[in-house]
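Presented below is the structure to which this report refers.
The values are calculated or read from the model by the stated rules, or taken from the named source; none is laboratory data. Note that the coordinates shown come from a computational prediction; the quantities given were computed from them, not determined experimentally. Every residue, glycine as well, gets a Cβ built from its backbone with ideal geometry; the counts of neighbours run over all protein chains shown.
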Amino acid sequence: MAEASAKKKIFDFALLRRVFQIAAPYKKKIYLSIFLAILLAIFSPIRPYLIQLTVNKYIKNGLLQMIVDITIIQMVLLLIETGIRFYFSFITAWLGQSVVKDLRVKVYDKILGLNLSQFDKTPIGTLTTRTINDIESINDIFSDGLIPIIGDLLSILSILIVMFWVDWKLALISLSPFPFIIVATYFFKESVNKSFIMVRNAVAALNAFVQEHLTGMAIVQAFAAEEREFTKFKKINREHRNANIKAIFAYSVFFPVVEIILAVSTGLLVWWAATQAMNLSADQALALTGKMISFILYLNLLFRPLRVIADKFNVLQMGMVASERVFKVLDNQDYIKTQGNYAPAQTKGKVDFDKVWFSYVDDKYVLKNIDFNIQPGETVALVGHTGSGKTSIISLLNRLYSIQKGEIKIDDVNINDYSVEALRSKIGIVLQDVFLFSGSVMDNITLRNKDIPYQKVEEAARLIGVHDFIMQLPGGYDYNVMERGSTLSMGQRQLISFIRALLYEPSILVLDEATSSIDTESEQLIQHAIDTLITGRTAIVIAHRLSTIRKADKIIVLDKGEIKEMGTHDELLNLGGFYAKLHSLQFEKQKAAPVQIR
Ligand SMILES: Nc1ncnc2c1ncn2[C@@H]1O[C@H](COP(=O)(O)OP(=O)(O)OP(=O)(O)O)[C@@H](O)[C@H]1O
C-alpha cells in the first residue's frame with residue numbers, strides 16, 4: 001500500500017510544483033542550476049571526441065605540436081568541467097538547505113498556532129519527525145533528487161546522440177547489453193526502496209522507544225523492568241540492522257553487475273572493431289582505433305550516471321512522500337482563529353460562564369450547562385472528583401479549546417471577541433505540573449522575553465517571597481534548569497511559575513494547586529505566594545487545600561461535568577449535600593495534617 005502510493009508520488013506533478021513553489025524565492029538559483037546541468041551535458045562528450053580526432057588526424061599525420069595543443073585544450077576543458085561540476089553541486093545543496101530553513105520555520109510557526117486539540121490527536125513524535133526528518137528529505141529533492149536527475153538524464157542523452165552520430169553501428173553494438181542494465185536498475189531501485197522504507201520505520205521505532213524510555217526511566221527502574229525493556233530494545237535494534245543489511249546487499253549486488261555489463265559492452269566493442277580492422281587499410285584501421293578509444297570513454301561516461309540514477313530516483317520518491325506529509329501539517333485548518341481584535345489595556349476581571357457546553361471529541365460532553373459568574377477580585381474554588389471537569393473549565397477561559405455551546409465572557413465581552421494575545425496576557429496561569437524548559441531560571445520566568453528587565457523579575461520574586469529561595473540555588477537566577485526542570489522539586493517548580501504568572505500582572509489568575517505533599521517550609525512559602533498572587537485579582541483555583549477552599553468567596557462543586565452546588569464553605573456544609581460528603585471524604589483529613597488527597 002505504502003509502496004503503491006510512494007510510486008504514485010514520483011509522478012505527482014501538482015505536489016512537485018508545490019515543492020518548487022517553496023523554492024520560489026530562489027528561482028534564479030534553480031534556473032542557474034538547470035543551465036549548469038545543460039552545460040555539463042554538452043561538455044561530457046567533447047573530451048572523448050577530441051581524443052578520437054587526435055588519433056584520427058594528428059597521430060596519423062604525425063603532427064606532434066597539434067597533439068600537444070589538443071592535450072592542453074583537454075586539460076583546460078577538464079578544469080572548466082570540474083569548476084562547473086563543483087558549482088552545480090554547491091548550488092543544488094545550497095538550494096536544498098535554503099528550502100529546509102524556510103520550510104522548517106513555516107512548519108514550526110504553523111505548529112505553534114495549532115489548536116491544542118491537535119496535540120491530543122497527533123503524537124508528539126510525529127510532529128517532531130515532520131519538523132526534522134521529513135523536511136530533511138525535502139532537502140534531498142534539490143541536492144540529490146530532481147535537479148541532479150535532470151542533469152544525469154541530459155548527460156546520458158547527449159552522450160547517446162554523439163555516439164550514434166559518430167558511428168551508429170558501433171553505438172548499437174556497444175549498447176546492446178543496455179536492456180540488462182535497465183532491468184538491473186529497476187530491480188535494484190525497487191529492492192533498495194523497500195529496504196529504505198524499512199530502515200526509516202526502524203529508525204522511527206528506535207527514536208520513539210529511546211525517547212519514551214529515557215523520559216520514563218524512573219518507572220522502568222522502579223519497577224525493575226530493565227531486563228524486559230532491554231530485550232524489546234534489542235529486538236527493535238535487530239530489525240534496524242536487518243533492514244540496513246538488506247539495502248547494503250542490494251548495493252553489493254548492483255554495482256558489480258553494472259561493472260560486468262560495462263565490461264561486456266567494452267568487450268563487444270573491441271571484438272567488433274578487431275574483426276572489422278582485419279579487412280581495412282592501415283589508415284582506416286587507425287580511424288577505427290580512434291573511434292574505439294572514444295567509445296570506450298563514452299561508455300564509461302554513460303555508465304557513471306547510470307550507476308547512481310536509481311539511487312537518485314529513490315531519494316526523489318522519499319522526498320515526495322515526505323513533502324506530502326509536511327504539506328498536510330501546513331494545510332491543517334485547525335489553528336487558533338482570532339475572530340476578534342478587542343485588546344483593552346486593562347481588564348477588571350469579571351468572568352461569566354453562560355450555559356457552557358464543551359466536549360473534546362464529538363459530542364461526548366465533559367462540561368454540561370456550566371453557568372456561573374465571578375466578580376472582579378473574587379476567589380473561586382473549583383472542587384470535585386478526579387475527571388469531573390475542573391481542568392477543562394480553566395482550559396476554556398484562555399481559549400486553549402473552543403466551546404460548542406454557550407458563551408464565556410470577560411468584563412462582559414465574549415472571549416472570542418478578544419485578540420488571543422490580549423486575552424491570554426490578561427490571564428495568568430499556574431499549573432500543577434509546571435513545565436520548565438532547559439535553560440536558566442531567568443529564561444523560564446521571562447520565557448526569553450528580553451523586554452522584561454532583571455529588576456522587575458527580582459521585584460516580583462521578592463513580592464511573593466521567592467527571591468531568597470532562588471538565591472539559594474547555585475548561580476541564583478542563572479541556575480541552569482535541566483530538561484523539564486528535573487533537578488527541581490514540584491514545589492520549587494511551582495514557585496518559579498508563580499513569578500512567571502505575576503510578571504504579566506494579569507487581572508485573572510488561574511491556579512491548579514499542587515496535590516503532592518510538600519514540607520511545611522515550602523508549604524508556607526507557597527501559601528504566602530498564593531495569597532499575594534490572588535490579592536486584588538480574580539482567581540480561579542482548582543483547590544486541593546482545605547485552607548484555600550475556606551478562604552474562597554465561592555466554591556463551585558463539580559461532578560461529571562455538571563455544577564452540583566455553589567456557595568461558601570459554610571453555606572455548603574450547612575446544605576449537607578455533595579460538598580459536605582466530599583469534604584468529609586477528602587478534606588477532613590487535612591485538618592490533622594497538610595496532606596492533599598485527590
Ligand atoms: N485532551 C483531552 N481529550 C479528551 N478528553 C479529555 C482530555 N482532557 C480531559 N479529558 C476528559 O475530560 C473529562 C474531564 O477532565 P478534566 O481534566 O477536566 O478533569 P479534572 O476535574 O480536572 O480532573 P483531575 O482532578 O484529575 O485533574 C475527563 O473525563 C477526561 O477524561
What about I173, is it touching a Leu at 6+ places or on another chain (Cβ under 6 Å), of a type in the set (A, V, I, L, M) and either at pLDDT 90 or above or assigned to a helix (DSSP H, G or I) (or both)?
yes
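Just checking, does region 320-328 include any residue being over 26 Å from S117 (Cα atoms) and part of a helix (DSSP H, G or I)? Give the steps one after another, and end with the answer.
At the first step, the residues of region 320-328 found to be over 26 Å from S117 (Cα atoms) are 320.
So of that shortlist, the ones also part of a helix (DSSP H, G or I) come out as 320.
Within region 320-328, one or more residues are over 26 Å from S117 (Cα atoms) and part of a helix (DSSP H, G or I).
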Condition first: surrounded by fewer than 18 Cβ atoms within 10 Å (Cβ to Cβ), acidic (D, E), free of Cβ contacts under 8 Å to residues at least 24 places away in the same chain and closer than 30 Å to F196 by Cβ. Can you find one or more residues in region 319-336 that meet it?
yes
Looking for whichever is surrounded by fewer than 16 Cβ atoms within 10 Å (Cβ to Cβ), touching a helix residue (DSSP H, G or I) at 6+ places or on another chain (Cβ under 7 Å) and either charged (D, E, K, R) or over 23 Å from M292 (Cβ atoms) (or both) here; the options are I72, I42, I111, I91. Which one fits?
I42
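Yes/no per residue for (1) at pLDDT below 90; (2) hydrophobic (A, V, I, L, M, F, W, C); (3) exposed (fewer than 15 other Cβ atoms within 10 Å of the Cβ):
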position: L509; (1), (2), (3): no, yes, no
position: T520; (1), (2), (3): yes, no, yes
position: L533; (1), (2), (3): yes, yes, no
position: I549; (1), (2), (3): yes, yes, no
position: K554; (1), (2), (3): no, no, no
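For region 544-563, give me each residue that is outside any strand (DSSP E or B) and closer than 30 Å to D363 by Cβ.
Scanning region 544-563 gives K560, G561.
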I'd like to know if region 244-253 contains one or more residues that are among the aromatic types (F, W, Y), surrounded by 13 or more Cβ atoms within 10 Å (Cβ to Cβ) and out of contact with any Lys or Arg (no Cβ under 6 Å at 6 or more places or on another chain).
yes
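Please state which one of I534, I542 is under 41 Å from the mean Cα position of the chain (by Cα) and within 16 Å of the ligand (Cβ to nearest atom). Lay out the reasoning, then the answer.
Working: I534 fails: within 16 Å of the ligand (Cβ to nearest atom).
Unique residue meeting the criteria: I542.
For region 137-147, does any single residue satisfy the condition of being surrounded by fewer than 19 Cβ atoms within 10 Å (Cβ to Cβ), under 27 Å from F209 (Cα atoms), in contact (Cβ under 8 Å) with a residue 40 or more places away in the chain and more than 16 Å from the ligand (Cβ to nearest atom)? If you could, list the steps in order and put the result at the bottom.
Of all residues in region 137-147, those surrounded by fewer than 19 Cβ atoms within 10 Å (Cβ to Cβ) come to none.
Looking through region 137-147, none of the residues is surrounded by fewer than 19 Cβ atoms within 10 Å (Cβ to Cβ), under 27 Å from F209 (Cα atoms), in contact (Cβ under 8 Å) with a residue 40 or more places away in the chain and more than 16 Å from the ligand (Cβ to nearest atom).
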Kindly indicate whether any position in region 278-288 is touching a Phe, Trp or Tyr at 6+ places or on another chain (Cβ under 7 Å), surrounded by 16 or more Cβ atoms within 10 Å (Cβ to Cβ) and in the same structural domain as T54 (by TED's automatic domain parsing).
no
Going by the structure shown, is Y401 near the ligand (Cβ under 9 Å from one of its atoms) and at pLDDT below 90?
yes
Checked pairs for region 364-386, first assigned by TED's automatic domain parsing to the domain that holds E513 and among the hydroxyl-bearing types (S, T, Y), second away from the ligand (no atom under 15 Å from the Cβ) and in a strand (DSSP E or B), C-beta under 6 Å and 6 or more apart or across chains, list as T379/A539
Checking A529 against (1) over 43 Å from the mean Cα position of the chain (by Cα); (2) more than 16 Å from the ligand (Cβ to nearest atom); (3) over 25 Å from I408 (Cβ atoms); (4) buried (at least 18 other Cβ atoms within 10 Å of the Cβ): exactly one of these is not met. Which one?
(1)
Can you say whether G465 is part of a helix (DSSP H, G or I) and closer than 17 Å to H528 by Cβ, as far as the supplied structure shows?
no
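Looking at this structure, is K232 part of a helix (DSSP H, G or I), exposed (fewer than 14 other Cβ atoms within 10 Å of the Cβ) and in the same structural domain as L301 (by TED's automatic domain parsing)?
Details: part of a helix (DSSP H, G or I): yes; exposed (fewer than 14 other Cβ atoms within 10 Å of the Cβ): yes; in the same structural domain as L301 (by TED's automatic domain parsing): yes.
So K232 passes the test.
Would it be correct to say that L280 is at pLDDT below 85, more than 30 Å from V105 (Cβ to Cβ), outside any helix (DSSP H, G or I) and touching a helix residue (DSSP H, G or I) at 6+ places or on another chain (Cβ under 8 Å)? Outline the logic, then answer.
Numbers: at pLDDT below 85: yes; more than 30 Å from V105 (Cβ to Cβ): yes; outside any helix (DSSP H, G or I): yes; touching a helix residue (DSSP H, G or I) at 6+ places or on another chain (Cβ under 8 Å): yes.
Here the answer is yes, as L280 does meet what is asked.
Near the ligand (Cβ under 8 Å from one of its atoms) and among the polar types (S, T, N, Q): does that describe S395? Please lay out each step first, then the result.
Details: near the ligand (Cβ under 8 Å from one of its atoms): yes; among the polar types (S, T, N, Q): yes.
Considered against the rule, which asks whether it is near the ligand (Cβ under 8 Å from one of its atoms) and among the polar types (S, T, N, Q), S395 comes out as yes.
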When the residues of region 404-447 are filtered to those that are part of a helix (DSSP H, G or I) and among the hydrophobic types (A, V, I, L, M, F, W, C), which remaining residue is farthest from the ligand (Cβ to nearest atom)?
M442
Determine whether F178 is closer than 30 Å to L32 by Cα and out of contact with any Lys or Arg (no Cβ under 6 Å at 6 or more places or on another chain).
no
Counting only residues that are surrounded by 14 or more Cβ atoms within 10 Å (Cβ to Cβ), over 14 Å from Y504 (Cβ atoms) and over 29 Å from the mean Cα position of the chain (by Cα), region 443-460 contains a total of 1
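Is it true that some residue in region 208-215 is over 27 Å from the mean Cα position of the chain (by Cα), modelled with pLDDT under 90 and of a type outside the set (V, I, T)? Don't jump to the end; show me each part of the working.
So the first thing to find is which residues in region 208-215 are over 27 Å from the mean Cα position of the chain (by Cα), and the list is none.
No, there is no match, as no residue in region 208-215 is over 27 Å from the mean Cα position of the chain (by Cα), modelled with pLDDT under 90 and of a type outside the set (V, I, T).
Taking T515, is it modelled with pLDDT under 90, within 16 Å of I374 (Cβ to Cβ) and of a type in the set (S, T, Y)?
Numbers: modelled with pLDDT under 90: yes; within 16 Å of I374 (Cβ to Cβ): no; of a type in the set (S, T, Y): yes.
In short, no.
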Taking the criterion of being within 41 Å of the chain's Cα centre (by Cα), within 16 Å of the ligand (Cβ to nearest atom) and modelled with pLDDT of 85 or more, would at least one residue in region 482-505 satisfy it?
no
